[in-house]
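The values are calculated or read from the model by the stated rules, or taken from the named source; none is laboratory data. Not measured: the values here are computed from a predicted model. Glycine gets a Cβ as well: all are built from the backbone with ideal geometry, and neighbour counts include every protein chain shown.
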Amino acid sequence: MLGGSVGFHVGDVVQLKKTHPCGSTEWEITRTGIDFGLKCARCGRRVLIQRAKFEKLVKRTVRFAVGPEPASPPG
Ligand SMILES: [Zn+2]
């Protein structure tokens, strides 16, 4: 087990140190694992990146798909 590192979840939006050619630095996580799938929040471009590279590129999480706050009750 890895443990100790910050977890990422599908649906999180992260800001990377690298700017996409379209000008966006925000990416939505579409897949986690050995490789991370990312979708550009601006142009929708999808890429795969090695987890180690991804973790070095991440600046901060902009939006958490799974947060500490309870979700709003349905209805
Ligand atoms: Zn883009």
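Taking every residue in region 7-34 that is under 13 Å from Glu55 (Cα atoms) and touching a residue at least 24 places away in the same chain (Cβ under 8 Å) and pairing it with any residue that is within 14 Å of the ligand (Cβ to nearest atom) and in a loop (DSSP other than H, G, I, E, B), at least 6 positions away or on another chain, the pairs with Cβ-Cβ distances below 7 Å are Gln15/Thr25; Leu16/Thr25. Every condition in (1) within 13 Å of Ala65 (Cβ to Cβ); (2) in contact with a Lys or Arg (Cβ under 7 Å, 6 or more places away or on another chain); (3) aromatic (Phe, Trp, Tyr) holds for Phe8 except the one numbered (2).
Residues that are at pLDDT 95 or above, away from the ligand (no atom under 16 Å from the Cβ) and acidic (Asp, Glu), at least 1 per element: which strands (runs of 3 or more DSSP E) completely within region 17-72 meet that? Once the strands (runs of 3 or more DSSP E) in region 17-72 are filtered for at least 1 residues that are at pLDDT 95 or above, away from the ligand (no atom under 16 Å from the Cβ) and acidic (Asp, Glu), what remains is 35-40. Of all the residues in region 6-28, those that are farther than 11 Å from Val58 by Cβ and polar (S, T, N, Q) number 2.
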